[in-house]
Structure formats: structure tokens, C-alpha cells
Amino acid sequence: MSALPGEGAAVRWCVLLDPAERTDAEMVDAALLTALLTESPLGVQVLDPELRFVRLNLAGPGLWGAVSHEAIGRRAREVAPGMVDDETERRLRSVVETGRPMTFGHVGRPPADPDHDHSYDVSFLPLKDPTGTIHGVVVASQDVTERQQAQARLNLLVEAGTRIGTTLDVMTTAEELAEVAAPALADIAAVEVLDDVLAGEAPPPGPVSSVALLRRAGFRAAAGLDATPAYSPGEVIPGYPPSFTACLADLQPRLIQELQVDHEWIVHDPRRAELLRRAGAHSTMVVPLTARGVVLGLASFYRTQTPDPFEEDDLALAVEIGARAAVCLDNARQYTRERNAALTLQRSLLPQTVPVQNAVEVAWRHESTRGSGDWFDVIPLSGARVALVVGHLVGHGMQTAADMGRLRTAINTLAAQDPTPDELLAQLHDLASGPTGEHAHLADDDRADAHLAGVTCVYAVYDPISRRCTFARAGHPAPVIVHPNGSVEVPDVPVGPPLGSDHPPYETTEVELPVGSTIALSTSSLAPSDHPPEESARLRRILGNPHRSLKDTCDAIVRERQDRGEESTVLLLARTQSLRADQVSTWTLPNDPSLVTTARTLAVRQLAHWDLQELEFPTELIVSELVTNAIRYATGPIQLRLIHDLTLICEVTDDSSTAPHLRHAYETDEGGRGLFLIAQLTRRWGTRYTARGKTIWTEQALPSGL
């Protein structure tokens with residue numbers, strides 16, 4: 001600083017400031033300001049209290065877009081009208097007036113890109129001096145559009161992972177793929193799968209030929225878009241455009257930024273072409289759906305009301321979503337294949353028809369969508385009787401169907417031995433609770449896992465001569481009896497434990513039934529008391545309608561259950577019949593060897609009455625052998641009974657429990673050929689045990705025409 005002479009006595013002072021003498025803090029502040037306004041990638045602008053540009057950063061476009069120094073002195077709304085709306089201006093003035101900063105997100109169209117929305121993170125900071133006076137606003141902002149787009153793509157992938165594949169149904173999974181893609185990625189999304197996939201089969205590996213059959217599986221259009229699907233779900237796609245053919249041929253995705261619905265589209269797929277033309281589609285992507293080396297179909301995406309065409313990032317996202325969806329589709333395909341195989345196995349193991357018999361008129365329905373373990377049987381027994389069986393095995397799939405077949409075979413085998421219903425269930429329990437076959441060698445822990453637990457079954461035996469029915473059940477819903485007058489009765493049949501899950505005993509209940517009564521057995525309860533009042537009344541009306549056939553009654557009950565959401569149902573209805581008195585003849589004979597001749601005479605006389613003289617000779621031999629054996633081993637009277645039914649039935653009952661054994665006698669043996677002769681003369685024969693002893697029975701085929 002130095003003094004300079006002035007006019008008169010005046011003195012002027014000259015002050016020189018040397019920048020080198022500034023403090024370090026001042027230098028840092030200056031450098032920081034320079035960096036922010038010249039090199040920072042962030043948008044930094046300084047506005048005065050009137051919201052005019054004072055300083056700005058040219059390196060980072062920020063909130064206002066790329067503005068030049070020509071903006072200095074101009075108002076922000078004048079420079080970037082697409083970015084400064086009324087709300088933004090209100091916030092700027094609030095910072096000037098209150099001195100409180102603001103941070104928020106903002107969406108607008110900057111001058112450099114007026115056709116597209118951009119997203120910004122924005123901070124408005126008051127520009128204060130040390131005294132607190134506000135001299136303007138510092139605007140710091142960053143364009144986060146790309147970051148938000150990347151986050152949106154990631155969010156869509158996460159959403160695809162949670163929303164696609166919620167079921168094991170091919171059509172549902174394809175529809176979920178379309179729902180995820182539209183409108184988040186595309187305005188229209190369509191999914192087609194190969195016909196083999198819907199059936200659970202895998203197409204041959206490698207590219208798919210141009211003649212492969214595709215079916216529409218999923219479609220979704222953005223809300224407000226007039227885009228009626230060109231094809232309904234499951235409909236065959238008669239042809240597809242070149243981009244689709246190429247995609248299936250080389251299994252590579254296709255991106256068409258400028259879609260031309262030209263002649264080739266119209267020729268190959270006119271219905272789709274008309275939809276796209278009407279919707280204004282201008283960009284498309286086609287993505288093959290492959291998983292585990294299996295080609296499943298393809299997904300196509302279209303933009304109509306969204307002005308921007310698809311980009312490479314969109315294609316990459318579509319491929320990733322398609323890959324995730326393809327795995328879910330393949331899971332559904334494999335499940336469909338196993339389900340179909342299980343259903344096929346189950347149907348092959350269930351009776352397609354029931355044996356002809358005169359004890360009951362039967363009707364049945366077996367409805368299953370997943371290869372369940374439900375089964376039924378109608379088994380002819382000796383003495384013109386019939387066994388009715390319905391059972392349920394927990395689970396679905398191949399193993400369950402196979403286990404069901406094993407149980408059904410076991411029941412038929414046991415029924416041939418003619419035990420009482422409670423004894424049969426006890427023996428079946430032993431089979432269900434212990435591993436057999438390949439499981440027999442397992443360790444104790446593994447053997448416990450191999451047994452069939454929780455099997456329920458109801459077994460009934462009806463005798464058309466006595467008109468009595470004997471029931472036993474193992475953890476199964478109670479049988480229902482509908483009397484000829486339409487009244488519904490639930491007999492008191494004690495419920496035993498499910499097969500394989502606890503120890504017997506099982507108990508029986510015997511009921512005498514009027515002719516024309518209906519026995520109803522099912523895998524779910526038919527007892528009216530087990531249902532709400534309205535449902536119970538409806539069930540009573542269905543069961544008690546005397547004018548409805550058994551088949552129609554079955555159909556009505558199954559429809560009722562399907563309406564309630566039951567996927568698997570077995571229903572067996574049996575209307576009782578009886579044999580006429582003249583079809584049965586019974587004689588009680590003293591235990592006297594001399595009465596064998598009398599027994600033969602009585603039998604021959606009855607055959608003549610029935611006009612069955614052709615069977616006299618074999619019947620005489622059968623009666624002689626059975627009565628002789630009974631006299632040899634029994635101590636009390638002997639009962640001889642002949643039944644004229646679908647076969648000629650001969651029964652001899654005594655009080656001995658000694659079982660006969662068929663043996664093949666040698667030529668030198670003087671005896672032992674009796675049962676062998678009986679086996680040769682009859683269609684079948686056997687022994688059943690009763691409370692007072694045993695009954696040996698035979699069946700002979702009737703002469704043709706009778």
C-alpha cells in the first residue's frame with residue numbers, strides 16, 4: 001500500500017492484493033468452486049433470488065439439461081420449460097424465502113431430449129452469506145434415468161421369479177409370463193407352446209421344424225389397449241411369420257426395432273397381422289423358450305402405445321425372463337407327464353367294467369385329475385353274494401397309483417378266501433403296515449418309511465338270499481343306505497383305525513335291507529349330518545330321488561362335489577336285489593353215512609325242477625364227495641344247499657373247521673381223488689369259514705341258453 005499525491009492537499013492510497021498471500025482455506029474454497037462449476041459430473045447451477053442463472057456447470061447437464069453460458073441472466077423456466085413446472089418453481093421460491101434446503105426426485109423432459117422423460121435426484125440449497133442473508137439458490141442434480149431403468153429391470157426379474165411358476169400347469173405358467181411382461185416390458189405379450197409340451201411330452205432335441213404345431217398358451221395387453229387376442233387359449237396357430245420360424249430354427253432371440261406388418265406377416269399369420277396393425281405395433285421381440293435342452297415354445301413382445309422401440313437392453317431382459325419362465329414351463333411339462341402316466345396307470349389298475357352278478361345293480365364314478373390313490377371294486381363271492389369296496393390312499397403320482405394297485409390286488413386275493421369283513425381289513429392292515437417285496441430287506445427305520453400309512457377302506461358284503469349286508473371300515477367315511485321310500489340312513493358302523501397306522505381290531509355291523517335299497521360308498525362323507533344344512537338338504541334330495549337312475553345319481557353327486565372343489569372322487573352305488581325263493585333249496589341232513597344217497601336224490605330232483613338235467617351226473621358226484629367228507633369230519637347235522645343263479649352253486653356246510661386239501665393222487669392210490677374230480681367238474685370251488693364251522697362250495701356253468 002502506498003500514498004499517491006492528489007489535487008490540492010488530497011492524498012490517494014493505492015492498495016495491491018497479492019493472490020499468493022491468500023490463506024489455504026481460501027484457496028481450497030476457490031478450487032472447490034472451480035471444480036464444481038467446471039469439472040463435476042453433477043449438474044450444479046446457481047440462481048439468484050429472482051431465479052435467474054448466475055453460475056452454471058457445463059460439464060454436468062443436471063436438471064436443466066445441457067445449457068450454455070447464454071443462459072446467464074435468464075430465468076430457469078425460460079431456459080428449460082420442460083423441466084420447471086409450477087411445483088418446481090414453488091419449491092425454488094420456498095428455499096429463497098425460508099432458507100430451508102429441499103431434496104426430492106423429479107421427472108421431466110430436458111431441452112436436449114424433449115421427447116423423453118428423464119428422472120433426477122435434485123437438491124435445492126439456499127445460498128447464504130455469514131450474516132444469513134440469502135443471495136440465491138444452488139441447484140445440485142443428477143440424471144438417474146439409466147440407474148432407475150436398470151433397477152426397474154432388476155425388479156421385473158425379481159417379480160418374474162415370484163409370479164411365474166406358482167402352479168404346475170403349463171397354460172397357467174404361460175399366462176403368468178404374459179402378465180409379468182405386459183405392461184412392464186411390452187404393451188402386448190403372447191406365449192405359444194409346442195403341442196407336445198401341453199401333453200407333457202418333450203419335443204426332439206435341437207431346433208424345431210417350421211411345421212411344428214404351436215398352441216396359444218398366454219396373452220396379455222396393457223390396460224386401455226384395444227387388442228383382442230388373435231387366438232384363444234389352447235388354439236392351434238396355423239402359421240407364423242418368418243421371424244418366428246427363424247427363432248425356432250436357430251433358437252436365437254430376435255429384435256425388430258421397426259416392425260413392418262408386411263405381406264409376409266399377412267400371408268403366414270393373417271389374424272395376428274390384423275391385430276398388430278389395428279393396435280399400431282411398431283417394434284417386436286421374439287424369444288425362444290428352452291430349458292434343460294428342451295424347446296418348449298416362444299414368447300413374442302410388442303410395443304404399440306409406448307413410442308420408444310425395443311433396445312438391446314430390453315431384449316436381454318426378455319431373454320432372462322424367458323429363461324426363468326422356461327424352467328417353470330418345463331417343470332409343469334414334467335409334472336403333466338408324470339400326472340398323465342399316473343392317471344394311465346391308475347385307470348389300468350381300476351375295473352373298467354364290473355363282473356356280472358345278480359346281487360346288486362351298480363353304478364360308479366371315478367374322477368381324478370392327478371392320479372390319486374382312490375379305488376373301488378365289486379367282487380363276486382361264493383353263495384351268490386357280492387363284496388363292495390371303496391378305498392383311499394393318501395398321495396398322488398406314480399408311486400401312489402402303484403401302491404393302490406397293490407392294495408386292490410391284495411383285497412381281491414383276500415376276498416377269494418372269503419373272510420368276514422373285519423378279518424379282511426385286519427389282514428389288509430398287516431400288508432399296509434409292513435414292507436414287502438424290495439422293501440423287505442430294509443433296516444427298521446427305512447422299513448417304517450416304506451409301509452403304507454393312512455389308508456382308509458370300507459368293505460361290505462351283501463347276501464341276496466338273506467338280504468343282509470355286513471359292513472366294516474378302517475378310518476373311512478361311513479356308508480349310507482337309501483331305502484326304497486327315499487329315506488336316508490347312516491348305519492352305525494364302528495370306525496377302526498386307518499390301515500397301516502394303528503392296531504386293529506375292526507368291527508362289523510350287519511343290516512337287513514329291503515329289496516331296492518341303495519348302498520352308497522364314497523371316498524368323502526355322504527352322511528347328511530356331516531354337511532351344512534343347505535348342502536345336506538341338497539344331498540338328501542339327490543340320494544332320495546326314486547325316479548333317478550343310479551348312473552344319474554352318481555353324476556349329480558359328483559357334480560356337487562366338483563362344485564365344492566374336490567379334485568378326486570370315487571363313488572359306488574349298489575341297489576340291492578334278491579334271489580327268488582324258488583332259486584334256492586336247502587336241506588338239513590343228520591350226520592349219517594347212509595344219507596349220502598338221499599342227498600344225491602334230493603339234488604337230482606331239484607335239478608329236474610330247474611330243468612337242469614344236463615348237470616345231474618357231475619352234480620351227483622359233487623354232492624356225494626362233499627357230503628361224504630362232511631360226514632367224516634363233522635359231529636353235528638349237515639346242510640346241503642343248491643342255488644340256481646348265473647351258475648349252479650352247490651354248498652355243503654358242517655360244524656368242522658378242518659379244511660379240505662386238493663391233492664393229485666398216484667395211479668396206485670385207492671383214494672384222494674375226490675376234490676381233484678370236483679376241481680375238474682366245476683368252474684371254481686372253495687371254502688369259507690363261518691361261526692359254526694365251514695362251507696365248501698362249488699360253481700358249475702349252466703348249459704348254454706339257460
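Residues considered: HIS476, HIS547, HIS483. Of these, the only one that is closer than 28 Å to ARG564 by Cβ, out of contact with any Phe, Trp or Tyr (no Cβ under 6 Å at 6 or more places or on another chain) and without any contact (Cβ under 8 Å) to a residue 24 or more places away in the chain is HIS547. Regarding the stretch 267-289, can at least one residue be identified that is outside the structural domain of HIS116 (by TED's automatic domain parsing), farther than 21 Å from ALA186 by Cα and surrounded by 15 or more Cβ atoms within 10 Å (Cβ to Cβ)? Yes.
Rundown of residues vs (1) in contact with a Cys (Cβ under 9 Å, 6 or more places away or on another chain); (2) modelled with pLDDT of 90 or more; (3) among the hydrophobic types (A, V, I, L, M, F, W, C); (4) not assigned by TED's automatic domain parsing to the domain that holds ARG292, yes/no style:
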| position | (1), (2), (3), (4) |
| --- | --- |
| THR166 | yes, yes, no, no |
| VAL170 | no, yes, yes, no |
| ALA174 | no, yes, yes, no |
| LEU185 | no, yes, yes, no |
| ALA202 | no, no, yes, no |
| ARG215 | no, yes, no, no |
| ARG220 | no, yes, no, no |
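For the stretch 374-420, filtering for residues that are without any contact (Cβ under 8 Å) to a residue 40 or more places away in the chain and under 20 Å from the mean Cα position of the chain (by Cα) leaves 2. Within the stretch 94-116, residues that are surrounded by 15 or more Cβ atoms within 10 Å (Cβ to Cβ) reach partners that are part of a loop (DSSP other than H, G, I, E, B) and modelled with pLDDT of 90 or more with beta carbons closer than 6 Å, at six or more positions or on different chains, in the pairs VAL96/PRO49. Inclusion of ALA31 among residues that are surrounded by fewer than 17 Cβ atoms within 10 Å (Cβ to Cβ), modelled with pLDDT under 70 and of a type in the set (Gly, Ala, Ser) is not warranted.
Selection of the stretch 391-405 for residues being farther than 20 Å from SER522 by Cβ and touching a Leu at 6+ places or on another chain (Cβ under 6 Å) yields ASP403, GLY405.
Is it the case, given these coordinates, that SER68 is of a type in the set (Gly, Ala, Ser) and modelled with pLDDT of 85 or more? The answer is no for SER68. State yes or no: is GLU258 surrounded by fewer than 18 Cβ atoms within 10 Å (Cβ to Cβ) and part of a helix (DSSP H, G or I)? No, not satisfied. Taken over the stretch 277-314, the criterion of being assigned to a helix (DSSP H, G or I) and without any contact (Cβ under 8 Å) to a residue 60 or more places away in the chain is satisfied by ARG277, ARG278, GLU312. Criterion first (more than 18 Å from ARG688 (Cα to Cα) and either in the same structural domain as SER466 (by TED's automatic domain parsing) or surrounded by fewer than 23 Cβ atoms within 10 Å (Cβ to Cβ) (or both)) does ALA401 satisfy it? So ALA401 passes the test. Every residue in the stretch 289-345 that is of a type in the set (Phe, Trp, Tyr) and over 16 Å from ASP169 (Cα atoms), please. Across the stretch 289-345, the qualifying residues are PHE301, TYR302, PHE310.
When GLU507 is tested against (1) buried (at least 17 other Cβ atoms within 10 Å of the Cβ); (2) part of a loop (DSSP other than H, G, I, E, B); (3) touching an Asp or Glu at 6+ places or on another chain (Cβ under 9 Å), exactly one condition is not met: (1). Of the strands (runs of 3 or more DSSP E) entirely within the stretch 315-397, those holding at least 2 residues that are surrounded by fewer than 23 Cβ atoms within 10 Å (Cβ to Cβ) and touching a Pro at 6+ places or on another chain (Cβ under 8 Å) occupy 372-380. Screening VAL191 on (1) crowded, with 17+ Cβ neighbours inside 10 Å; (2) modelled with pLDDT under 90 shows it passes everything except condition (2).
In the stretch 582-592, the count of residues that are assigned to a loop (DSSP other than H, G, I, E, B) and crowded, with 19+ Cβ neighbours inside 10 Å is zero.
For every residue, the table says whether it meets (1) over 25 Å from GLU367 (Cα atoms); (2) modelled with pLDDT of 95 or more.
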{"site": "GLN427", "(1), (2)": "yes, no"}
{"site": "ALA432", "(1), (2)": "no, no"}
{"site": "THR436", "(1), (2)": "yes, no"}
{"site": "ASP444", "(1), (2)": "yes, no"}
{"site": "THR470", "(1), (2)": "yes, yes"}
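Scanning the stretch 416-429 for residues that are surrounded by 20 or more Cβ atoms within 10 Å (Cβ to Cβ) and within 18 Å of CYS469 (Cα to Cα) gives ASP418, PRO421, ASP422, LEU424, LEU425. Of the residues making up the stretch 601-652, those that are buried (at least 20 other Cβ atoms within 10 Å of the Cβ), β-branched (Val, Ile, Thr) and in a helix (DSSP H, G or I) are THR619, ILE622, VAL623, VAL627, ILE631. Look at the stretch 245-258: where a residue is of a type in the set (Ser, Thr, Tyr) and a partner is part of a loop (DSSP other than H, G, I, E, B), sitting 6+ places away or on another chain with Cβ atoms under 8 Å, you get THR245/SER210.
When the stretch 683-706 is filtered for residues that are touching a residue at least 60 places away in the same chain (Cβ under 8 Å) and part of a strand (DSSP E or B), the ones remaining, listed by number, are GLY686, THR687, ARG688, TYR689, THR695, ILE696, TRP697, THR698, GLU699, GLN700.
Quick check on the stretch 143-180: of everything there that is farther than 18 Å from ALA318 by Cα and under 15 Å from the mean Cα position of the chain (by Cα), which residue is surrounded by the most Cβ atoms within 10 Å (Cβ to Cβ)? Applying the filter and picking the extreme gives VAL170. Out of the residues in the stretch 222-244 meeting the condition of being over 31 Å from the mean Cα position of the chain (by Cα) and loosely packed, with under 12 Cβ neighbours inside 10 Å, tell me which one is modelled with the highest pLDDT. Checking each candidate, the answer is GLY224. Exactly one residue out of ALA325, ALA299, ALA359 is within 22 Å of the chain's Cα centre (by Cα) and at pLDDT 95 or above, and it is ALA325.
The values are calculated or read from the model by the stated rules, or taken from the named source; none is laboratory data. None of the values given here were measured: they were computed from a predicted structure. So basically every Cβ, Gly included, is an ideal-geometry build from the backbone, and we count neighbours across all protein chains shown.
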